[in-house]
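Worksheet: the structure to be examined is printed underneath.
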Amino acid sequence: MAKVIAVAGKGGVGKTTLTGLLIQYLGETGKGPILAVDADANSNLNEVLGVEVEKTLGDVREEIARAEMMTKSPIPPGMSKADYTEIQFTRALVEDDDFDLLVMGRTQGKGCYCFVNGLLQSQIQRLQGSYPYIIVDNEAGMEHISRGVLPGMEMAILVSDCSRRGVQAAGRIKELIAECDMHPKKIGLIINRAPNGQINDGTREEIEKQGLDLLGIVPQDELVYQYDCDGTPTVQLPADSPVRAALKGIVAKLGL
């Protein structure tokens, strides 16, 4: 079974950027193929990875719902709804050299995400036997953890900026993982966007207070910001990028 690594933290701390670089690094070091899962309804992991997404699980759900209401169904004669749905799910899987990407997406208009969450859960369970690693970019909240959408979690990587609030959010996610009885082998914290790659005493104090294991510190890099503004995939950062160097050290520490 695949090793599931969940990346989580409060919004705006750079989870998706680090998730994309982690996926790329594992692929380049021969750990693929990797199933990359964008579990955020406001999805943009594909932009970090530099791939196009034509269909999400949310899109599939909407297409099936519309098909049931149409006089002339798009489901070919002789094909069951289940088989047609499975074909659409397969088309929602974006294939690249070292990874495949599955995007949760969202439903249209009003309503909760319960149905799409269920689709995501079933698809991860269906696919997990085909990959050595599943890397999940979670939403800013903790819904996928609290709802049990993810299968057994090998590792939780919590991401924060240098703020106390970010570290406190990471601490709450750690508590939630314990409450949900998930028992990952490792829970660790990455501090992202640290000026000069350093954190102050106040941040370190909060990390200790929350009982978090600091995996490493990723420095602030203006090139990441520039790539984001220009729409350039973050995975195209140069080999000597300090962000890449910091992440490489963290991966080595994790033994991936």
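For an R0 of 41 angstrom, estimate the FRET efficiency from the Cβ-Cβ distance between Glu95 and Asp240 and round to the nearest 0.05. With a Förster radius of 41 Å, E is 0.85.
Taking a point 7 Å from the Cα of Glu222 along the Cα-to-Cβ direction, the residues of region 157-198 with backbone N closer than 13 Å to it are 196. Pairs with C-alpha atoms separated by more than 20 Å, drawn from the list Lys10/Lys31; Lys31/Lys174; Lys31/Lys55; Lys209/Lys253; Lys174/Lys209, are Lys10/Lys31; Lys31/Lys174; Lys31/Lys55; Lys209/Lys253. Evaluate E = 1/(1 + (r/R0)^6) for Gln125 and Glu205, where r is the Cβ-Cβ distance and R0 equals 51 Å; express this FRET efficiency to the nearest 0.05. Calculated value: 0.80. Estimated at 0.36 nm per residue, the fully extended path between Lys248 and Lys185 surpasses their Cα-Cα distance by 20.7 nm. Given axes a ≥ b ≥ c from the Cα gyration tensor, I'd like to know whether region 127-256 is rounded (a/c under 1.5), prolate (a/b larger than b/c) or oblate. Since a/c reaches 1.5 but b/c is at least a/b, the shape of region 127-256 is classed as oblate. Using just its DSSP H runs of length 4 or more, each adding -39500 (n - 2.57), the chain gives a mean residue ellipticity at 222 nm of -12500 deg cm²/dmol after division by all residues.
Only the coordinates and a few stated rules stand behind these numbers; no lab work does. Treat the numbers as computed from the prediction; the structure is a model and nothing was measured. Cβ atoms come from the backbone with ideal geometry, glycine included; neighbour counts cover every protein chain shown.
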